[in-house]
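Here's the structure we're looking at; comments come further down.
FYI, it's all coordinate maths here, none of it is from the lab. The structure displayed is predicted, hence computed values, not measured ones. Positions of Cβ are backbone-derived with ideal geometry, glycine not excepted, and every protein chain shown enters the neighbour counts.
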Amino acid sequence: MNEEYAAASRNDIRHMPYLAPAAGRFDHVARGGIHAARRGAAPNGYACGSMSSASSMTVSVDDLLGQLQAFQPADDGADNVHRLSELLAGFAALPGCERVAPALLDLVERHPQADFGTPGPLVHALENQAGYPELLAASLERQPTELTAWMGNRLLNSKLARDDRAAWLKRLTAVTTHPKSAAGVKDSAIRFLDFQASRQAR
């Protein structure tokens, strides 16, 4: 990950304290990023099933998908982050791990206002999957959430081609009028758009 992306990700939290995690928790940014994802490889350099990224986790992708389907978020975001960290540890070592990214977004869509961490393990896992921006765009069209709107803003904080930036601004704008957007999600999208406009004005 380049320094510009890292700085932009830190600014994402610093300029939006209403979405920042507790001090000292998850203040790092994901290694890798959307540029590697667009090239079709995970930013950490591992393909699905690579033993180089293996951990002690031994479940299959099918087992993991079942656990994600059954996952019920708690009111305590720290508890969600802890459980997801354990659940997703080493999943990139599993053959077929590309099937996990859609399931992660499905989890977020089922619980649109749950606290899964910003960024947290769910975001890190998604950003390390090939095709992540396209999956995120489709998720925002289906069911905007607090987290996916935040992730769209995080992408806008990175170095994007002009057309890509315009497309993501359009997607965030659509969140503000989406019939499935909760009031808090719409408000967050408006704040993100205001923040992006302020960046452009500098």
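Taking a sphere under 10 Å around the Cβ of CYS48 and counting the other residues whose Cβ falls inside, with K and R at +1 and D and E at -1, yields a net charge of 0. Of the peptides 119-126, 87-94, 165-172, the order by per-residue mean of other Cβ atoms within 10 Å, starting with the highest, comes out as 119-126, 87-94, 165-172. Within a straight-line Cα-Cα reach of under 18 Å, LYS186 can be paired with the following aspartates and glutamates, leaving aside sequence neighbours fewer than 8 residues apart in one chain: ASP12, GLU109, ASP115, GLU141, GLU146, ASP194.
Count Lys and Arg as plus one, Asp and Glu as minus one, and take only other residues whose Cβ is under 15 Å from that of GLN113; the net charge is then -3.
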